[in-house]
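A quick write-up on the structure given underneath.
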Amino acid sequence: MTTTGSDTTLTLPADENQALGIGRFAVDFAGAAIGDPAPAVGDRTLMFFTDSMICGLSAIALGTNAPKILRAEAAEYDQPDGVPLFGSTRRVAPEKAVAANCAAVRELDANGTNFGYNPALGHTAGEFGHNDYYPVAIAAAQLTSGTGADALRGMLLIDEIRGRLAEVFSLKSYKIDHVVHGAIASAATFGAMIGATPRQIESAIGMVVAHYIPWRAIRAGEQLSDSKGASAGLAAEMAVLSVKRAMRGFVGPGDIFRNPAAIFRFFEPTAGPAPFDLVLTHSGEDFAVMGMHFKLGLYEHQSAGALAGLIGLLTKHRHLLDDPEQIQAIKIIAYEPAFSIIGDPAKRDPRTRQSADHSMVYIIARTLAKAFNLARGGPANVPGGIDDAWQQLMLGPDDYRREALCDTQTRRLMARITFAHGGKKYDDRYPDGIPTSVVITTTAGDTLDSGLMMYPAGHARNKTANLPRLLKAKWLTLAAPAVDEPQRITDRLNALPGLDAAGLASLYDFSIKDRGTFH
C-alpha cells in the first residue's frame with residue numbers, strides 16, 4: 001500500500017493489487033495496528049447502528065416476508081459456537097444469521113444512505129448504498145469473544161470500504177446492484193475480525209466479485225419483490241461464506257479489481273490498471289460515514305428533498321391545511337436519477353409497500369394526506385416548526401399498509417401530482433445535495449414555490465435540523481410495535497461501545513413482538 005500525503009489515509013493505487021491492499025488495510029485497522037478515529041466518528045457510526053437495528057426490529061415485528069423466511073431458514077442451521085438472530089439466544093451458522101439480520105435491517109428501506117460523493121478527491125461516481133451490514137461486524141465480534149468497541153470499529157471499517165468504493169465506481173450505471181460494494185466490505189471486515197490473512201481476504205473478495213454479482217433486475221418492474229429488500233442480506237451471506245471457504249484453503253480469483261473479465265475493468269476498460277485509485281481513511285474525522293445520511297421515516301432517500309419542500313410549504317402557508325380541495329396541482333421538479341427511479345411512471349400506481357416507498361407521487365401524497373387528517377381538528381394540530389412538523393408527518397409502517405395504499409384521499413392527491421426533470425441546473429447539484437423543488441397551485445390561482453431544496457433534514461450537510469431529536473422520534477415510532485419498552489431498547493443499543501464480551505454476546509437477547517403479517 002502506498003501512503004498519501006496525509007497521515008490519516010492510505011491510497012491503494014490503480015496499478016497495484018487493491019484486493020490484497022484492502023485485506024491488509026482491514027487486518028491492520030480491525031486489529032488497531034493503524035487507525036485513530038475521532039470521537040465524532042464513533043458517535044455517528046453508533047447513531048447509524050441504532051437506527052439500522054430499530055428498522056430491523058420493526059420489520060420483524062410487522063411480519064415482513066423476506067426476514068420471516070430467512071429467520072426460519074437460519075433456525076435450521078443450529079451451531080453451538082455460532083451467533084444469534086435478532087431477539088434470540090439461539091446460536092446458528094454465522095452466514096445464516098447475517099443473511100437474516102441484514103435483510104431485516106434493510107427490509108423497511110428506512111436506514112442510512114450514502115451517495116458516493118467526495119469532490120475533494122474528485123471521486124464523484126455517485127453510487128448509492130446503505131448501512132445494512134452492521135450485523136456482519138457484530139457476528140464477527142461475537143464469534144471471537146470481542147467487545148462492543150470491537151464491533152463498532154468493525155462497523156466503521158465496513159462503511160469506510162463500501163463508502164469509498166461507492167465514490168469511485170458506479171455500479172448502477174451498469175445495472176448492477178449497489179450491494180456489491182457492501183459484500184466486498186463485509187468480506188474484508190469479517191475476515192479481518194476473525195483472523196483471516198490478507199491473502200485469504202483477497203480470495204474471499206475475489207469469490208464475491210466473480211461468483212455473486214446481483215443485477216438491478218431485482219429493482220425493476222411495476223411491483224417490486226422480496227429480492228429488493230433482501231439483496232444486502234444475501235450479499236452479506238455470500239461474503240461470510242466466502243471468508244470461511246478462503247480460511248479453509250479455497251483459493252479464489254486474485255487481484256480482482258485488475259482482472260479484465262471482472263466487472264470493474266469489463267465495464268470501464270483500461271490497459272491494465274484498475275479503473276480507480278482507492279483512498280481509505282484510518283484516522284481523524286474524514287471517514288466516509290461522516291458524509292452518510294439518515295432517513296427520517298420510511299421513504300426512498302431520493303424523495304427527501306421533495307418532503308422538505310412540502311413540509312416547508314405547509315408550515316409557511318398554513319391556509320393550505322384548511323381544505324384539500326383547494327390544491328389544484330403539485331409539481332415536483334428533481335434531478336436524475338430521482339426522475340427515472342422514483343418518478344418512473346410504472347410507480348404511479350403502487351400496490352405493495354416495496355413499490356410505494358419507491359414512488360415519489362405516493363410518498364408526497366401520503367405525507368400530505370397525513371397533514372390533512374391531523375388538521376381536521378384545526379390547522380393548529382400540524383405544528384408550525386419544521387422539526388415538529390417532520391415528527392408529526394413522518395411516514396411509518398402504517399402508511400404502507402394495504403389500507404393506506406388504497407386510501408381515497410391519498411389516491412386523489414396522487415392524481416394531482418406531476419413530476420418533471422429539472423435538467424442541468426438540478427443534475428449538476430447531485431449528489432452534493434438532493435436538489436428538488438415543489439410547486440403547489442391552488443384553485444384560487446396562487447402558485448406556491450418551495451424553492452430549491454438541497455440539504456433536507458437527515459442529510460449530512462443539513463445544519464438546521466435537530467437530528468438527535470428527530471431520530472429519537474423515528475426510533476420510538478418504529479420500535480413501538482416491536483418491543484414493550486422502546487426507550488429501554490434504544491438505550492441498550494446506544495450502550496454498545498461500553499459492552500464487554502458477555503454484554504455483546506447477549507446484545508440480541510430480548511423479545512420481539514409478533515404483530516402478524518404486514519399487508
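The values are calculated or read from the model by the stated rules, or taken from the named source; none is laboratory data. These figures come from a predicted structure and were not determined experimentally. Using ideal geometry, Cβ is built from the backbone for each residue, glycine included, and neighbour counts are taken over all protein chains shown.
Is segment 164-171 home to any residue that is under 15 Å from residue 26 (Cα atoms) and assigned to a helix (DSSP H, G or I)? Yes - at least one qualifying residue is present in segment 164-171.
Which of the residues spanning segment 401-444 are part of a helix (DSSP H, G or I) and either surrounded by 13 or more Cβ atoms within 10 Å (Cβ to Cβ) or outside the structural domain of residue 339 (by TED's automatic domain parsing) (or both)?
Keep residues of segment 401-444 that are part of a helix (DSSP H, G or I), which gives 402-405, 408-415, 424-427.
Within segment 401-444, 404, 405, 409, 410, 411, 412, 413, 414, 426, 427 meet the criteria.
Residues in segment 36-71 that are surrounded by fewer than 22 Cβ atoms within 10 Å (Cβ to Cβ) and farther than 17 Å from residue 148 by Cβ: 36, 38, 40, 63, 65, 68, 69. I need the full set of residues from segment 467-479 which are surrounded by 16 or more Cβ atoms within 10 Å (Cβ to Cβ) and among the hydrophobic types (A, V, I, L, M, F, W, C), in order please. Hits for segment 467-479 are 467, 470, 471, 473, 475, 478, 479. How many residues does segment 287-318 contain that are in contact with an Asp or Glu (Cβ under 6 Å, 6 or more places away or on another chain) and not in a loop (DSSP other than H, G, I, E, B)? Qualifying residue count, segment 287-318: 2.
Selection of first residues in segment 202-231 that are under 11 Å from residue 183 (Cα atoms) and surrounded by fewer than 21 Cβ atoms within 10 Å (Cβ to Cβ) and of second residues that are of a type in the set (Val, Ile, Thr) and at pLDDT 95 or above, restricted to Cβ pairs under 8 Å at least 6 apart or on distinct chains, gives the following pairs, ordered by first then second residue: 213/176; 213/180; 213/263; 214/176; 214/179; 214/180.
Would you please list the contacts, defined by Cβ atoms under 7 Å and residues six or more apart or on different chains, that run from a residue in segment 14-26 that is over 16 Å from residue 194 (Cα atoms) and not assigned by TED's automatic domain parsing to the domain that holds residue 191 to a residue that is of a type in the set (Ser, Thr, Tyr) and assigned to a loop (DSSP other than H, G, I, E, B)? Every condition considered, no pair remains. Flag set for residue 218, criterion: of a type in the set (A, V, I, L, M, F, W, C), in the same structural domain as residue 176 (by TED's automatic domain parsing), within 18 Å of the chain's Cα centre (by Cα) and closer than 17 Å to residue 175 by Cα. Scanning segment 332-380 for residues that are surrounded by 22 or more Cβ atoms within 10 Å (Cβ to Cβ) and part of a loop (DSSP other than H, G, I, E, B) yields a total of 7. Summed over segment 160-199, the residues that are on the phi > 0 side of the Ramachandran plot and touching a Lys or Arg at 6+ places or on another chain (Cβ under 8 Å) give a count of 1. Whenever a residue of segment 439-461 is among the charged types (D, E, K, R), its partners that are part of a loop (DSSP other than H, G, I, E, B), lying with C-beta atoms within less than 6 angstrom and at least six residues away or across chains, give the pairs 461/455. When only residues in segment 117-140 that are within 23 Å of residue 231 (Cα to Cα) and touching a Lys or Arg at 6+ places or on another chain (Cβ under 9 Å) count, which is surrounded by the fewest Cβ atoms within 10 Å (Cβ to Cβ)? Once the filter is applied, the top-ranked residue is 126.
Note on segment 260-286: among residues that are assigned to a loop (DSSP other than H, G, I, E, B) and without any contact (Cβ under 8 Å) to a residue 24 or more places away in the chain, the one that is farthest from the chain's Cα centre (by Cα) is 271. Of the candidates 398, 407, 428, the single residue that is under 17 Å from residue 364 (Cα atoms), without any contact (Cβ under 8 Å) to a residue 12 or more places away in the chain and of a type outside the set (Lys, Arg) is 398.
Give the residue that is modelled with the lowest pLDDT, with candidates limited to residues of segment 319-331 that are surrounded by fewer than 16 Cβ atoms within 10 Å (Cβ to Cβ) and assigned to a helix (DSSP H, G or I).
Within segment 319-331, the first condition is being surrounded by fewer than 16 Cβ atoms within 10 Å (Cβ to Cβ), and the residues that meet it are 319, 322-323, 325-326, 328-329.
Restricting the remaining residues to those that are assigned to a helix (DSSP H, G or I) gives 319, 325-326.
On the way: 319: 90, 325: 94, 326: 94.
Residue satisfying both the conditions and the ranking: 319.
Only one of the listed residues (71, 44, 24) is under 30 Å from residue 258 (Cβ atoms) and among the charged types (D, E, K, R). That residue is 24.
In this structure, does residue 42 turn out to be part of a loop (DSSP other than H, G, I, E, B), over 15 Å from the mean Cα position of the chain (by Cα), of a type in the set (Gly, Ala, Ser) and modelled with pLDDT of 95 or more? So residue 42 does not fit the description; no. Going by what's in this entry, would residue 294 be described as among the hydrophobic types (A, V, I, L, M, F, W, C), surrounded by fewer than 16 Cβ atoms within 10 Å (Cβ to Cβ) and in contact (Cβ under 8 Å) with a residue 60 or more places away in the chain? No, not satisfied.
Tell me yes or no: at least one residue of segment 450-466 is among the basic types (Lys, Arg), outside the structural domain of residue 390 (by TED's automatic domain parsing) and buried (at least 17 other Cβ atoms within 10 Å of the Cβ). No, that holds for no residue. Within segment 65-88, can one find any residue that is acidic (Asp, Glu), without any contact (Cβ under 8 Å) to a residue 40 or more places away in the chain and closer than 24 Å to residue 292 by Cα? Taking every residue of segment 65-88 in turn, none turns out to be acidic (Asp, Glu), without any contact (Cβ under 8 Å) to a residue 40 or more places away in the chain and closer than 24 Å to residue 292 by Cα. Of the residues contained in segment 408-430, none is found to be closer than 28 Å to residue 61 by Cβ and among the aliphatic types (A, V, I, L, M). Give me the pairs: first residue in segment 466-489 and more than 11 Å from residue 396 (Cβ to Cβ), second residue aromatic (Phe, Trp, Tyr) and assigned to a loop (DSSP other than H, G, I, E, B), beta-carbon distance under 7 Å, and six or more apart or on different chains, which are they? Within 7 Å, the pairs are 467/294; 471/294; 483/510; 489/510.
For segment 244-258, filtering for residues that are outside any helix (DSSP H, G or I) and either buried (at least 19 other Cβ atoms within 10 Å of the Cβ) or in contact (Cβ under 8 Å) with a residue 40 or more places away in the chain (or both) leaves 6.
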